[in-house]
1. Determine which single condition S367 fails, assuming it passes every other condition in (1) crowded, with 21+ Cβ neighbours inside 10 Å; (2) polar (S, T, N, Q); (3) assigned to a helix (DSSP H, G or I).
2. Regarding region 296-317, can at least one residue be identified that is among the hydrophobic types (A, V, I, L, M, F, W, C), over 30 Å from S70 (Cα atoms) and in a loop (DSSP other than H, G, I, E, B)?
3. Is it the case that some residue within region 342-353 is among the acidic types (D, E) and either within 30 Å of D97 (Cβ to Cβ) or assigned by TED's automatic domain parsing to the domain that holds I175 (or both)?
4. Name the one entry in D166, D160 that is assigned to a loop (DSSP other than H, G, I, E, B), farther than 30 Å from K94 by Cα and in the same structural domain as K240 (by TED's automatic domain parsing).
5. Please go through region 140-157 and pick out each residue that is of a type in the set (G, A, S), more than 21 Å from H220 (Cα to Cα) and either touching a residue at least 24 places away in the same chain (Cβ under 8 Å) or in contact with a Cys (Cβ under 6 Å, 6 or more places away or on another chain) (or both).
6. Would you mind finding the one in P326, P281 that is assigned by TED's automatic domain parsing to the domain that holds I175, in contact with a Phe, Trp or Tyr (Cβ under 9 Å, 6 or more places away or on another chain) and modelled with pLDDT of 95 or more?
7. Taking region 78-128 as the search range and keeping residues that are of a type in the set (G, A, S) and touching a Leu at 6+ places or on another chain (Cβ under 6 Å), which one is surrounded by the most Cβ atoms within 10 Å (Cβ to Cβ)?
8. Here is a check on your reading of the model: is D168 in contact (Cβ under 8 Å) with a residue 12 or more places away in the chain, farther than 19 Å from F330 by Cα and surrounded by fewer than 21 Cβ atoms within 10 Å (Cβ to Cβ)?
Amino acid sequence: MNPMPASSRAASIEYAIRDVVVPATALEEQGHEIIKLNIGDPIAYPGLPTPQHMVDAYSKALQDGNNGYSPSYGLPALREAIAADERGKGWAAKKDDVYVCHGVTEALQILFAAVLEDGAKILAPGPHYPPYMAYPQMYGASTVEYRLDGDRGWQIDFDDIEAKMDKDVRMLVLINPNNPCGSVMGREGIERMISLLEQYPNCLLVADEIYDGLDYTGTHVSAAACSNTVPVVTLNGVSKVYYAPGWRLGYMALHDPTNRLPLVKDALERLLRSRLCPSTPAQHGYLAGLTGDRKWMVSYAEKVQQQRDYCINRIQQIEGIELQAPGGAFYMFARLTDDRWADDDKSFVLSLLHEEHVLLVHGSGFSPEFGSGHVRIVFLADMGVLKDAFDRIERFLSRHRTAA
């Protein structure tokens with residue numbers, strides 16, 4: 001019998017970050033140990049555990065029987081704590097502006113479902129986090145990539161945005177700090193983006209700020225805090241800065257300075273009610289993180305930055321690879337300069353995996369046009385693991401250069 005058909009929209013989806021895990025898993029089943037620098041999961045690396053007071057609050061919620069459904073938009077106390085945190089970033093967030101979701105990924109799905117129609121477009125940075133390309137098509141829309149300039153620290157090419165904007169664009173996406181490039185945009189760039197959007201009254205700014213607490217430049221600013229004219233939807237959550245990715249808890253916060261989002265807000269709330277609610281005990285854990293002492297964040301950030309600096313120094317010493325130093329998050333997007341790999345980053349990743357058992361992600365998986373010829377490296381592992389990984393990368397590049 002012929003196989004039952006699947007939907008074309010699902011069959012075409014790729015997620016490079018996890019797709020490369022498939023051959024790595026096969027090698028592990030053969031007994032090989034793999035150094036995994038492919039996925040932005042802080043818990044996968046020693047030394048960056050979820051803070052104990054958050055774990056205790058999660059556990060206490062379970063012990064106290066707080067296992068039932070929460071309100072669809074999130075626990076009121078958590079929504080208020082998130083709003084207070086956003087107010088601390090410079091805009092007048094209220095509890096009713098905040099919606100708690102199963103991570104930023106679900107927030108995106110709900111936002112796309114509430115806003116996008118057949119023929120609509122979103123503009124997202126290239127390179128980009130893969131769901132920005134995968135999900136809009138499910139709602140009849142398409143994603144158009146705007147260029148991040150790899151020769152200028154992966155800053156936004158505003159000329160490219162202006163050339164691609166039109167009346168069908170419903171969302172302009174800013175990932176800040178950026179995944180996969182680690183670039184950070186400051187106030188001047190955000191204000192330029194907002195000024196551009198003032199010409200397009202049906203387009204909102206989507207500000208993915210999940211890495212906002214990992215800024216090594218001191219220039220990061222909330223996009224919502226910069227806007228008095230354009231609606232901004234801020235996305236954030238517990239996964240990265242609070243080191244609890246498996247809790248699958250995030251939020252969207254709506255800043256609507258000119259009251260243009262009542263219909264969008266109604267649509268969001270209908271969708272949120274239909275999917276019931278996010279995890280109740282996880283919300284108690286996140287609440288503890290927001291309301292508790294945050295001094296622990298200093299030592300975590302220092303550790304991650306030290307590892308970043310080590311990786312930058314190692315790449316500068318290796319022939320065949322170069323880097324625009326990342327200003328935020330915990331990724332670096334390195335360019336392959338050796339002729340053998342410069343036009344085939346996926347082959348580089350797979351060959352490195354099979355020969356040296358180091359797992360990276362091919363840059364073309366984040367954008368065939370703007371990410372090709374690069375690799376994304378996660379610098380969350382401790383110094384010893386990173387040293388071993390870069391020793392292997394250097395050995396691999398040297399061996400193939402000699403063989404050529």
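The values are calculated or read from the model by the stated rules, or taken from the named source; none is laboratory data. Everything numeric in this text was worked out from a predicted model, so none of it was measured. Every residue, glycine among them, receives a Cβ derived from its backbone with ideal geometry; neighbour counts consider all protein chains shown.
1. (3)
2. No, the conditions are met nowhere in region 296-317.
3. no
4. That would be D166, the only listed residue that is assigned to a loop (DSSP other than H, G, I, E, B), farther than 30 Å from K94 by Cα and in the same structural domain as K240 (by TED's automatic domain parsing).
5. If the condition is that a residue be of a type in the set (G, A, S), more than 21 Å from H220 (Cα to Cα) and either touching a residue at least 24 places away in the same chain (Cβ under 8 Å) or in contact with a Cys (Cβ under 6 Å, 6 or more places away or on another chain) (or both), then G140, A141 are the ones that fit.
6. P281
7. Among those that are of a type in the set (G, A, S) and touching a Leu at 6+ places or on another chain (Cβ under 6 Å), it is A107.
8. When the stated conditions are applied, D168 passes them.
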